[in-house]
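Structure record follows, encoded as structure tokens.
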Amino acid sequence: MKHIGIISDTHGYWDDKYLHYFEPCDEIWHAGDIGTMELAERLSAFRTFHAVCGNIDGGDLRLMYPELLRWKCEEVDVLMKHIGGYPGRYDASIRSRIYASPPQLFISGHSHILKVQYDKTLGLLHINPGAAGIQGWQRERTLVRLTIDGSAMKDCEVITLRD
């Protein structure tokens with residue numbers, strides 16, 4: 001069993017609440033727009049860290065983190081890409097790959113819109129954790145925690161970061 005913390009769109013903004021809420025997590029997954037190497041290093045020093053680069057991420061982050069990442073967590077096939085869209089409206093850059101070989105869990109960011117949605121057509125869970133940073137138009141900063149136990153995804157929890 002693994003407890004996962006999912007974050008996106010930090011845009012280089014550090015909040016000590018990240019570590020507070022990720023304390024019970026085994027892994028942290030960042031869905032892009034990390035913003036700075038320092039932020040990535042702080043999160044990766046704290047827990048096992050999986051990340052993809054986002055459209056604002058510069059050279060060092062692009063060298064360190066791929067645009068697309070696919071791996072197994074427990075028995076769950078996970079796919080993560082910063083710009084991914086939503087069930088029924090996947091971004092053109094990932095749509096054919098998702099339909100050809102659907103993961104069980106698809107994580108994306110970019111929109112700054114928190115969304116946890118099951119895609120009945122493809123049988124996958126889509127999570128966009130919203131934005132945890134202060135850049136952008138979002139009114140609330142959010143992150144998500146999830147437990148993966150074998151092939152089961154459970155205990156999905158949305159956390160709003162209050163100032």
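Output the Kirkwood hydrodynamic radius of the chain, Cα pairs only, in Å rounded to one decimal.
This gives a value of 15.4 Å.
For Cα pairs less than 8 Å apart in space and 6+ apart in sequence, what is the mean separation divided by the residue count of segment 56-108, i.e. the relative contact order in percent? Mind showing how you got there, number by number?
Numbers: 48 pairs, mean separation 18.3, N = 53.
That works out to 34 percent.
Would you work out the relative contact order for the chain, in percent, from Cα pairs under 8 angstrom that are 6 or more residues apart?
Working: 393 pairs, mean separation 40.2, N = 163.
Reported as a whole number, the value is 25 percent.
Return the whole-Å distance between the Cα centroid of segment 29-46 and the Cα centroid of segment 76-123.
Between the Cα centre of segment 29-46 and that of segment 76-123, the gap is 21 Å.
Quick check on packing: order 98-105, 125-132, 45-52 by the mean number of other C-beta atoms within 10 Å, highest mean leading. The partial results should precede the final answer.
Numbers: 98-105: 15.4, 125-132: 25.8, 45-52: 17.8.
Packing order, densest peptide first, comes out as 125-132, 45-52, 98-105.
Could you report segment 1-113's accessible area per residue, 1.4 Å probe, as an integer in Å²? The partial results should precede the final answer.
Working: 4990 Å² over 113 residues.
With the other protein chains kept in place, segment 1-113 gives 44 Å² per residue.
Give the longest segment of the chain that steers clear of GluC sites (Glu not before Pro) in DSSP loops with at most 13 neighbouring Cβ atoms within 10 Å, not counting the sites themselves.
1-74
For every helix of n ≥ 4 consecutive DSSP H residues, a contribution of -39,500 (n - 2.57) applies; sum these over the chain, divide by its total residues, and give [θ] at 222 nm rounded to the nearest 500 deg cm²/dmol.
Numbers: 4 runs with 28 residues, N = 163.
It lands at -4500 deg cm²/dmol.
By accessible area of protein heavy atoms, probe 1.4 Å, what ranking do Met80, Met153 get, highest first?
Working: Met80 0, Met153 65 Å².
Final ranking, largest accessible area leading: Met153, Met80.
The values are calculated or read from the model by the stated rules, or taken from the named source; none is laboratory data. Just so we're clear, the structure is a prediction, and the values are computed from it rather than from any experiment. Because the Cβ atoms are built from the backbone with ideal geometry, glycine has one as well, and the counts that use them run over all protein chains shown. These area figures cover heavy atoms from the full protein model, side chains too; ligands, DNA and RNA do not enter into them. Shrake-Rupley method; radii C 1.70, N 1.55, O 1.52, S 1.80 Å.
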